[in-house]
Amino acid sequence: MKFEAKLKKTVLATALTAVIGTSAMVAPGTASADVITFNWSGLFTMLTSAGNALVNTDYQYNSWSGNRTDITGTMTFDTATGAGSGTVVPFNFFNGGPAVAASINMQAIGDGQGGPGTLILGNMLFNWNGNNGIPVSIVLDGAGMFGTMMGGPLTVGQTITGVGTYAASDGVAKGSYAMGVMPVVTTTWNTTTVPGTTFGTNPSGTLPLIADSTVVTNYDVNPALAGYQTCTDLSTAAGNQCALGVGGTPMQTAPFPNYNANFDISSLTVTSITTVPVPAAVWLFGSGLLGLVGIARRKKN
């Protein structure tokens with residue numbers, strides 16, 4: 001049975017109201033979706049408001065000279081709703097003890113402006129050094145993960161790596177700590193914030209997204225270097241500058257106000273796939289959801 005071509009407006013949840021436009025395609029019959037869980041490995045990078053990496057003194061002798069911290073965790077993603085959750089294995093941070101993720105929630109948001117795209121909004125709460133519920137919001141690009149799903153059904157044990165796009169922080173320290181393309185990376189997009197956000201509240205990342213066009217320094221502006229094609233070279237005799245923007249949404253509260261936390265996933269390994277039925281009337285195939293990038297599965301009648 002063919003999908004009807006008529007697009008209808010769908011409101012998924014309060015957080016998505018601003019971006020969901022003509023987004024639902026109604027299908028007669030039933031469809032199915034997958035809830036996929038992954039183990040992942042990646043890198044954490046803390047950037048200043050100028051785009052420079054802070055050295056994590058707990059790992060200053062690692063292969064990244066402390067400019068990046070190797071991290072691991074898990075992720076669960078629902079291909080019908082575009083919603084997900086995650087964990088990060090606690091990691092030591094600036095001699096203040098372990099950074100512990102108390103909550104991580106994610107939502108596919110298309111291009112963040114109401115159109116097609118591969119962006120994911122992540123809201124996190126972290127506990128560290130006696131501070132509980134530090135809100136961290138982040139906009140990720142899941143092009144590598146979604147693109148692999150488009151290529152065919154995932155299988156348990158399958159690993160997604162070496163595909164996707166470049167993280168916003170890939171050029172930190174003039175590219176000295178480049179990571180290459182990865183399946184899920186932090187972007188330069190910022191989120192709007194909820195006034196009055198303090199420790200212990202829900203993270204403040206909401207929609208619509210805000211473009212970060214901040215002029216930053218210490219980026220390699222060589223246009224021949226992959227990953228910098230969107231950089232506007234503003235270099236002068238005083239040094240290299242680039243209107244690339246800073247990776248990560250600026251944190252709003254202490255202990256790191258105006259700093260930018262970056263979480264980049266270099267490898268995803270499928271650990272389980274659970275197929276669930278989705279009523280035809282709510283099967284979404286459009287803006288802000290995985291259907292926009294063509295990976296939603298349906299049962300053909």
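Brief remarks on what is shown
- Neighbour counting of Cβ atoms within 10 Å sorts the residues Leu54, Leu268, Leu47, fewest neighbours leading, into Leu54, Leu47, Leu268.
- Here the simple spin-label model places points 7 Å from the Cα toward Cβ, and for Ser272 and Asn62 these points are separated by 2.8 nm.
- A cut-off of 5 Å between modelled amide H atoms, ignoring neighbours fewer than 5 places along the same chain, links Phe93 with Ala99.
- The protection proxy used here, the mean number of other Cβ atoms lying within 10 Å of each residue, ranks peptides 152-158, 250-256, 123-129 as follows, highest first: 123-129, 250-256, 152-158.
- Set of the stretch 119-154 residues, backbone N closer than 16 Å to the point 7 Å along the Cα-Cβ line of Ile210: 136-139
- Cα centroid of the stretch 35-49 to Cα centroid of the stretch 158-190, whole Å: 10 Å
- Multiplying the residue separation of Asn258 and Asn95 by 0.36 nm and removing their Cα-Cα distance gives an extension gain of 56.7 nm.
- In this calculation the C-beta distance from Thr159 to Ala50 is compared with R0 = 30 Å, giving a FRET efficiency of 0.25.
- Among Ile265, Ile210, the order by Cβ neighbours within 10 angstrom, fewest to most, reads Ile210, Ile265.
Every number here is computed from the coordinates shown, using simple stated rules; none is lab data. Just so we're clear, the structure is a prediction, and the values are computed from it rather than from any experiment. Methodologically, a virtual Cβ is constructed for each residue, glycine included, from the backbone with ideal geometry; neighbour enumeration extends over all protein chains shown.
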